[in-house]
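Enquirer: Pasting a structure below so you can have a look.
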Amino acid sequence: MSSAKQCPSTVGKQDPEAHRASTVNGNETRLWRSLDEYADTGEFQTFLEREFPAGASELMASSRRTFLQLMGGAMALAGAATIPGCRRPEHHIMSYSRDVPGEVVPGRPLYYATSMPLPGGGAEGLLVKTHEGRPTFTEGNPLHPVNRGKSSPWSIAAMLSIYDPDRLKYPIFREGEGASAIERDVTWDDFRAWSADHFKTFDETSGNGLVFIVDKKTSPTRDALRDRIMARWPLAQWIAYDGTGPDNKMHGLRLAFGKAHREILSLENADVVFSIGGDELVEGAGALRNARGFGAARKVSSTNDTMSRVYAAEATYSHLGSQADHRFVVAPSRLPAVVVELARLVFKKTGKGGPLAAKVDAFDTRGPSTIEPAHLEAAAEDLVDARGRAAVIAGQELPPEAHALVAAINEALGAVGKTVSYVRAGEEESRDGLADLAELVGPMKGGRIKTAVCIETNPVFDTPKALGFAEAFDRVTNRIVLSQGPSETAARATWQLNIATFLESWGDTEADDGTIAPIQPMIAPLYDGALSEIELLALLAEDRSADDYTYQPSGYDIVRDVWRGRFEWSDFEKNWRRTLHDGLVAGTTQTGSPGTSSAASLFGSVADALDSMPVGTEPAPEALDVVVTTNTMHDGRFANLSWLQELPQFGTTVVWDNPALMSPATAERFGLMPDPYTVKEPKAQMASISVDGRSVEVPVWIMPGMADNTVVLTQGYGREVVGVVGAGVGFNVQPLRSIDGKRVYTGAKVEPAKGRYPISSTQNHWSMESRTSIVRHVDLDAYLRHGDSKVEHENEYGFKTELNFAERLGELAHTPPNKSVYKNPFTKSYDDPAPGSRYTVGPQWGMSVDMGTCIGCATCTIACQSENNIPVVGKTEVRKGREMTWIRIDRYFSGEDLHNPGPMYHQPVMCQQCENAPCETVCPVNATSHGPEGINYMVYNRCIGTRYCANNCPYKVRRFNFFDYGTKKLNGGYRKEVPEDTPRPNNINLIPPRLREKVEEIQKLRMNPDVTVRSRGVMEKCTFCLQRINAARYEMKLQDLDMIPDGFFQTACQAACPTGSIVFGDLLDETSRVRKEADNGRSYALLGFLNTRPRTTYQLSMSNPNPKIRKPVEDPFHHGGHGSEEHGGSEEDAGHATGPAFIDRFKKFEDGGYALSLRVLSTPAGVLA
């Protein structure tokens, strides 16, 4: 026993007010999630002390009068049956079918391989899970070279498109023009009969006056059909475009190599990466491959490993830049100057470049270097030293000439063929579609275009307003639009045609590396008659008569015919079946090429192009830079996918909106600061942003780490003709864009506009307030030096604990030992499982999350949502802190400087499956309990909604169904039987449940039948995908296995994670990956000092700084503290700990011992958060 005269944890007490910073890392760097947390005011501390966001528990914001009107109307309409409000909804179950197909076993899913075309070209290879013929979940095809089993938010959310109740269900014909026009529901037979005669008229003119406007994509079959159409009508126009803007990278590679190429990155081979304005981990056709390569290069499994070093120059945080070891904040217009300055240094150090080197030396960058010259010199030297294992990459914000120069830099670094390679691109893919549309507008306005066929495009909305496409489109006599849902272009069409999604049709794709993959239907089109893109093109290309109105080419036959001419297969049927099984055509993946015959040719071509490269001056308050970018909405085509709308956006964590982003200094200068989070409903100030006479009004949100005098706008929002999900969401920024669709504008003016606008952001929700060392971070040198060491920590009470490297950075080095006051029935001990206890018998499930490779893409969040039937709640409910997602991505800024923060850290937080779960001890009905395999169960039909468990959860990972989110229609209204004059509250959830629109039958088809759909008043949380565990257990028995092998199945989040940061498995299996991750010195338990014994562990994040820019911290244990080899044990030493104390400054006046007891929670220098 200790002989101390007082509690050792109170020895050397500090003044809590001296340490108000909320987080500190191994390099003594503070962490914070928002401006409010950075300021750390008393009001914000009170806000956090609420445990849950303001308004989360308040049912109603409208008046009592409105509430009584609603309830009175409900009872009058529904009668006595509506009065028992707690009664469960009634559900009627019908059997599957009398005639079950032979391959279908009810309750057992089937998987099919297919592929999804990506906007702008490229593809993802997918595996689609189907239940009784219904597609219910998409994940990456492990055989496809792009996915390798991983997936993106877009491919997962694509499942919603097939079950979208707002999609077009049948053709619509519009008679007349203007206000007098009449729309009639027609059939595909009507269109086939009309089109046969109509398109014959173009045979006489060779297609003059006919134009096809299609989405830019890569598909061999569509290319073949395009050639057939152009062969029939040589004077017709075929325009493929992407509304987000021209592909500057592809155009730049055309300048460099003479022909268009795609860039293929192999980041797993790169030791040093320099990114300039790019976000290659989430953007472009190769994003999944790049994210996987990045994760592999940054993964450190032992002290014998190393990791890549990343530099980033950018105007605002990107996924890659947030993980950079050295990040330089540069205004968008100055990024081309960075490319030139880097090229100078590389060419000088390598002695390469020839005439280009001289051209670069003489190039006028229009101002001093934005990056400190010594730092840029060190980065260039690092690249040269890693010759052959280095890569320089640039984003679409940069002009084509800058991309050509980047290609020359990579050539000089010996990167080509090792970390960078090139694949030839098709002519259609490389054209500037917006420029082609600009040339088309004149003939359209002049009446020279008689028929326009728009296929999966929406140019009325997603082209710059300055282009005037909408007005020109109205001048075309016959306007045919093949669309999935209502759109601005379809609303102006004479023929609106409903398309079959890629999950309902046949087709093919070509990935950026040349891999050709089939698209095969999972289900017949839900709405009879719907055609795919290739089926419509084949129909129009066919010379037929109106009497053949029932004739329709089959997508299946079209693809097979094209492939017969493309592939020289001796046994077509055998290879066809193998291709459908594998999900790709074997042997079509290209390894890439240097792109040119000689380096001299490349350098000469780039030298010729360099003269025209635009370089801007440093922006100023009177002349700002504006960047128009994209996010999950892309060009607006995904606006009706609710999962993507409610997915917190990278960096800002904003949902359901697209505010303009500014740095704190810029927003403060113009008087555009948003409300603090201590306000019940924070609102953003509206601002007017204008460039060359074009302007938009948008709300302004703050983004630390942005370049000053810079504004970031996001397109794809502000849709006017769209389904109920996307209606009224965000602001349309197309009026600001120029005709050429460029992404960066200079000389912009900003001024406050009238009004304030509510913004929903999750950045301060579910704060684990008053907890220390949540996020831990060290430099690579520290891990290599101390990573294998374990220290026996003995406290003043005589208890001993062995701590690994990561745990030594946390509270366990300071707190009393983790020993319970009672024996856990599963462990039969006060701490670790005793021999013979249940927890010593496998399997015992656990998870590991590597924060060193997590890029904050939130793919895990949306995969979990799809797998587990998690509903969306809408903007209003999110603002009240009622979002339902089981996995949240906590984002932390770092550094003491609000205006120049350091790296950004991402921490996925889900239910930790605690062995000593605090939630279980407070549930009065035992709705949450523990299972013999270590999983914290949630029994929905026992839950009575007390929410005690959520209050007692230190991780804030439990979600409560305040309303019937899962069974009522999002943004719906009253049922049809309700009178139209019935008052409607601002929050539609306040409509009595029996009067609200239910989820439509088509939406129910998407639900995973293995997971219960929860109703109002029920708590829910992560279950470690228990349904997948059970399925694996059944399969194990069927295959007569003794145990579930490691990797036999994956949780939804693990399967989706692009970087492989999430690992799941049996902790008792010494060969399992999760066991190796848990035993690693980087592994620690989140809030482990609370003795919750979580089954989920985290691996600390690491940096690999260049010693010439910042000296690495080799010893993160240089602070004072309690007992262990790195902590002095004397009372004098105890008084000099450098970690901050976390306190409630109001409570400390009420309880004199409160501040003293907080000494045990002081954060040692060596941790984050």
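The values are calculated or read from the model by the stated rules, or taken from the named source; none is laboratory data. Just so it is clear, the model here is predicted, and its values are computed rather than measured. Here Cβ is always computed from backbone atoms with ideal geometry, including for glycine, and neighbour counts include all displayed protein chains.
Residue-wise test of (1) under 26 Å from the mean Cα position of the chain (by Cα); (2) not hydrophobic (A, V, I, L, M, F, W, C).
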residue: Asp981; (1), (2): no, yes
residue: Pro985; (1), (2): no, yes
residue: Leu990; (1), (2): no, no
residue: Gln1003; (1), (2): yes, yes
residue: Met1007; (1), (2): yes, no
residue: Arg1014; (1), (2): yes, yes
residue: Phe1049; (1), (2): yes, no
residue: Ala1055; (1), (2): yes, no
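Enquirer: For region 366-443, give me every one of the helices (runs of 4 or more DSSP H) that falls completely inside it and has 2 or more residues that are in contact (Cβ under 8 Å) with a residue 24 or more places away in the chain and among the small types (Gly, Ala, Ser). Break it down into steps so the answer makes sense when it comes.
Expert: Working: elements: 373-385, 400-412, 427-430.
The helices (runs of 4 or more DSSP H) meeting that bar are 373-385, 400-412.
Enquirer: Can you find a residue that is part of a loop (DSSP other than H, G, I, E, B) and out of contact with any Pro (no Cβ under 8 Å at 6 or more places or on another chain) anywhere in region 555-566? Step through it out loud before you land on a result.
Expert: Step one: list which residues in region 555-566 are part of a loop (DSSP other than H, G, I, E, B), which gives none.
No, there is no match, as no residue in region 555-566 is part of a loop (DSSP other than H, G, I, E, B) and out of contact with any Pro (no Cβ under 8 Å at 6 or more places or on another chain).
Enquirer: Has region 318-339 got any residue that is part of a loop (DSSP other than H, G, I, E, B) and free of Cβ contacts under 8 Å to residues at least 40 places away in the same chain? Give the derivation first.
Expert: Restricting attention to region 318-339, the residues satisfying the condition of being part of a loop (DSSP other than H, G, I, E, B) are 318, 323-325, 330-331.
Now restrict to residues that are free of Cβ contacts under 8 Å to residues at least 40 places away in the same chain: none.
No: zero hits.
Enquirer: Scanning for something in contact with a Lys or Arg (Cβ under 7 Å, 6 or more places away or on another chain), crowded, with 23+ Cβ neighbours inside 10 Å, among the aliphatic types (A, V, I, L, M) and within 30 Å of Pro400 (Cα to Cα), does region 741-761 turn up at least one residue?
Expert: No, every residue in region 741-761 fails to be in contact with a Lys or Arg (Cβ under 7 Å, 6 or more places away or on another chain), crowded, with 23+ Cβ neighbours inside 10 Å, among the aliphatic types (A, V, I, L, M) and within 30 Å of Pro400 (Cα to Cα).
Enquirer: Looking at Lys823, Lys828 in this structure, which one is surrounded by fewer than 17 Cβ atoms within 10 Å (Cβ to Cβ), in contact with a strand residue (DSSP E or B) (Cβ under 7 Å, 6 or more places away or on another chain) and modelled with pLDDT of 80 or more?
Expert: Details: Lys828 fails: in contact with a strand residue (DSSP E or B) (Cβ under 7 Å, 6 or more places away or on another chain).
When all the criteria are applied, what remains is Lys823.
Enquirer: Residues in region 1080-1116 that are over 31 Å from the mean Cα position of the chain (by Cα), more than 23 Å from Phe294 (Cα to Cα) and in contact (Cβ under 8 Å) with a residue 60 or more places away in the chain: how many?
Expert: 8
Enquirer: A further question follows. Please enumerate the residues belonging to region 641-680 that are of a type in the set (Val, Ile, Thr) and free of Cβ contacts under 8 Å to residues at least 24 places away in the same chain. Step through it out loud before you land on a result.
Expert: Residues of region 641-680 of a type in the set (Val, Ile, Thr): 652-655, 666, 678-679.
Within region 641-680, Val679 is the sole residue that qualifies.
Enquirer: Can you tell me which residue is surrounded by the fewest Cβ atoms within 10 Å (Cβ to Cβ) among those in region 731-740 that are touching a Lys or Arg at 6+ places or on another chain (Cβ under 8 Å) and assigned to a loop (DSSP other than H, G, I, E, B)? Talk me through it step by step, then tell me what you get.
Expert: Filtering region 731-740 down to residues touching a Lys or Arg at 6+ places or on another chain (Cβ under 8 Å) leaves 732, 734-738.
So of that shortlist, the ones also assigned to a loop (DSSP other than H, G, I, E, B) come out as 732, 737-738.
Values: Asn732: 20, Arg737: 27, Ser738: 14.
Across region 731-740, the extreme among qualifying residues is Ser738.
Enquirer: Please indicate, with yes or no, whether at least one residue in region 1024-1042 is surrounded by 14 or more Cβ atoms within 10 Å (Cβ to Cβ), closer than 22 Å to Gln844 by Cβ and touching a helix residue (DSSP H, G or I) at 6+ places or on another chain (Cβ under 6 Å). Lay out the reasoning, then the answer.
Expert: Within region 1024-1042, the first condition is being surrounded by 14 or more Cβ atoms within 10 Å (Cβ to Cβ), and the residues that meet it are 1024-1029, 1031-1033, 1035-1036.
Within this subset, residues satisfying the condition of being closer than 22 Å to Gln844 by Cβ are 1024-1029, 1031-1033, 1035-1036.
So of that shortlist, the ones also touching a helix residue (DSSP H, G or I) at 6+ places or on another chain (Cβ under 6 Å) come out as 1025.
Yes; the residues of region 1024-1042 include at least one that is surrounded by 14 or more Cβ atoms within 10 Å (Cβ to Cβ), closer than 22 Å to Gln844 by Cβ and touching a helix residue (DSSP H, G or I) at 6+ places or on another chain (Cβ under 6 Å).
Enquirer: Which of (1) touching a helix residue (DSSP H, G or I) at 6+ places or on another chain (Cβ under 9 Å); (2) closer than 30 Å to Val626 by Cβ is the odd one out, the single condition Glu439 does not satisfy?
Expert: Every condition holds for Glu439 apart from (1).
Enquirer: Further question on the same structure: Can you tell me which residue is farthest from Ile1062 (Cα to Cα) among those in region 983-1033 that are in a loop (DSSP other than H, G, I, E, B), β-branched (Val, Ile, Thr) and touching a Phe, Trp or Tyr at 6+ places or on another chain (Cβ under 6 Å)? Give the derivation first.
Expert: To start, the set of residues in region 983-1033 that are in a loop (DSSP other than H, G, I, E, B) comprises 983-987, 991-992, 997, 999-1000, 1005-1018, 1021-1025.
So of that shortlist, the ones also β-branched (Val, Ile, Thr) come out as 991, 999, 1011-1013, 1018, 1023.
So of that shortlist, the ones also touching a Phe, Trp or Tyr at 6+ places or on another chain (Cβ under 6 Å) come out as 1012, 1018.
Values: Thr1012: 25, Val1018: 28 Å.
The qualifying residue farthest from Ile1062 (Cα to Cα) is Val1018.
Enquirer: Can you pull out the residues in region 198-229 that are over 36 Å from the mean Cα position of the chain (by Cα), touching a residue at least 12 places away in the same chain (Cβ under 8 Å) and not in a loop (DSSP other than H, G, I, E, B)?
Expert: First, the residues of region 198-229 that are over 36 Å from the mean Cα position of the chain (by Cα): 198-210, 227-229.
Subset that is touching a residue at least 12 places away in the same chain (Cβ under 8 Å): 198-200, 202-203, 205-210, 228-229.
Correct list: His198, Phe199, Lys200, Phe202, Asp203, Leu210, Arg228, Ile229.
Enquirer: Can you find, within region 444-461, the residue that is surrounded by the fewest Cβ atoms within 10 Å (Cβ to Cβ) among those that are of a type in the set (A, V, I, L, M, F, W, C) and part of a helix (DSSP H, G or I)? Let's see the steps before the verdict.
Expert: Residues of region 444-461 that are of a type in the set (A, V, I, L, M, F, W, C), as a first pass: 444, 449, 452-455, 460-461.
Retained after the next criterion (residues that are part of a helix (DSSP H, G or I)): 444, 460-461.
Working: Met444: 20, Val460: 24, Phe461: 27.
Top of the filtered list is Met444.
Enquirer: Oh, and also: Which of the residues that make up region 562-577 are surrounded by fewer than 14 Cβ atoms within 10 Å (Cβ to Cβ) and under 38 Å from the mean Cα position of the chain (by Cα)?
Expert: Our first condition is that a residue be surrounded by fewer than 14 Cβ atoms within 10 Å (Cβ to Cβ); within region 562-577, this holds for 564-565, 568, 570-574, 577.
Residue satisfying the conditions is Arg577 alone.
Enquirer: Do we have Gln865 as modelled with pLDDT of 90 or more, more than 22 Å from the chain's Cα centre (by Cα) and not charged (D, E, K, R) here?
Expert: Details: modelled with pLDDT of 90 or more: yes; more than 22 Å from the chain's Cα centre (by Cα): no; not charged (D, E, K, R): yes.
So Gln865 does not fit the description; no.
Enquirer: Conditions first: (1) farther than 29 Å from Gln590 by Cα; (2) within 30 Å of the chain's Cα centre (by Cα); (3) of a type in the set (Asp, Glu). Asp474 passes all but one, so which condition is the exception?
Expert: So Asp474 meets the others, but not (2).
Enquirer: Kindly indicate whether Leu482 is in a helix (DSSP H, G or I), touching a helix residue (DSSP H, G or I) at 6+ places or on another chain (Cβ under 8 Å) and buried (at least 24 other Cβ atoms within 10 Å of the Cβ).
Expert: On the way: in a helix (DSSP H, G or I): no; touching a helix residue (DSSP H, G or I) at 6+ places or on another chain (Cβ under 8 Å): yes; buried (at least 24 other Cβ atoms within 10 Å of the Cβ): yes.
The answer is no for Leu482.
Enquirer: Considering only residues that are in contact with a Phe, Trp or Tyr (Cβ under 9 Å, 6 or more places away or on another chain) and part of a loop (DSSP other than H, G, I, E, B), look in region 115-132 and name the one that is nearest to Ala524 (Cα to Cα).
Expert: The selected residue is Glu132.
Enquirer: Go through region 658-687 and count every residue that is surrounded by 24 or more Cβ atoms within 10 Å (Cβ to Cβ) and either assigned to a strand (DSSP E or B) or touching a Phe, Trp or Tyr at 6+ places or on another chain (Cβ under 8 Å) (or both).
Expert: Qualifying residue count for the region: 6.
Enquirer: Could I ask something else about it? Evaluate region 589-598: report whether one residue or more is within 30 Å of Asp361 (Cβ to Cβ) and either at pLDDT 95 or above or in contact with a Leu (Cβ under 8 Å, 6 or more places away or on another chain) (or both).
Expert: yes
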